[in-house]
Amino acid sequence: MIFSAAASWLISRHLRKVARATDSVVLLADALHYATDVWTNGGVLLALVLVVLTGSPVFDPLVAILVGGFIGVSAYRLLARSVQDLMDAALPEAERREIERIVRGHRFVVALERLRTRRSGSVRQIDFTVVACRHLPLGEAHDLVAHIEGEIAASIPGALVVVHAAPCAPDCVEAERCIREASERDLLAHEHRP
């Protein structure tokens, strides 16, 4: 029984590590399966030792309740995570802030609008509109969008990024800065703000 618990613990630990790396709920469920074997075997051993040492059979159901509680809580967490994946939950706030930081760091970006994110398994789908300086040539606006998409994809594993570009309004408060910076030929649109 000890050998079985040790083997299950090693397998569970490895599966959990791979599940985190791949963001796989199926592997996480399998890791939980092996972890329940560890808790069950450990619980049986603990209950046997306590009953033998004390002579009181009360420890058998108490340990069973503890092991059952662990399994129940773990199953609930796994179920909640699975439902969240099925419902295409939005990305965590930290990842949304990272997207905003990347976008706002670019020189000709005036605003970030309609940011929509969702996670489905290990895939993170990100879609938003970048409001850019209206004086930016079309080719540079395209380069800006491509650069932002690439930077986000490199920063957030499993990201599928779609960025739409829109020009700022004619009365944009950033217009003077955009005209001035657009006239500086040595600066590219996708470069970050100084």
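Values quoted throughout were computed directly from the atomic coordinates according to the rules given, and no laboratory measurement underlies them. It should be emphasised that the depicted structure is a prediction, and the values quoted were computed from it without experimental measurement. As a convention, Cβ positions derive from the backbone with ideal geometry for all residues, glycine included, and neighbour counts pool all protein chains shown.
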Seminar exercise, completed: FRET efficiency for Val73 and Ala7 from the Cβ-Cβ distance with R0 = 41 Å, rounded to 0.05, comes out at 0.95
Seminar exercise, completed: With Ile126 itself left out, Lys, Arg at +1 and Asp, Glu at -1 over residues whose Cβ is under 12 Å from its Cβ give 0
Exercise. On full extension of the chain, what length is gained from Thr54 through Met87, given 0.36 nm per residue of separation minus the C-alpha to C-alpha distance?
Worked result: 6.9 nm
Exercise. To the nearest 10 degrees, how steeply does helix 59-86 sit against the main Cα axis of the chain, on a 0 to 90 scale?
Worked result: 20 degrees
Problem set entry | Ordering of 126-137, 14-25 by burial proxy (mean other Cβ atoms within 10 Å per residue, highest first) | 126-137, 14-25
For this session: Pull up all non-local amide H partners of Ser120: gap of 5 or more, or a different chain, and H-to-H distance under 5 Å with H placed in the peptide plane.
Result: Gln125
Problem set entry | Over region 64-142 - Rg/Rh using Cα atoms and the Kirkwood inverse-distance radius | 1.27
Seminar exercise, completed: Which of (1) 56, 14, 12; (2) 38, 18, 14; (3) 24, 20, 18 gives semi-axes √(5λ) of the Cα gyration tensor in Å as computed here? It is (1)
Exercise. Taking springs between alpha-carbon atoms closer than 10 angstrom, which of Ala166, Ala154, Ala35 fluctuates most in the Gaussian network model of the chain?
Worked result: Ala154
Exercise. How do the peptides 77-84, 110-117 rank, highest first, by the average count of neighbouring beta carbon atoms within 10 Å per residue?
Worked result: 110-117, 77-84
Problem set entry | Chain lengthening between Arg118 and Val44 when straightened (0.36 nm per residue, less Cα-Cα) | 22.4 nm
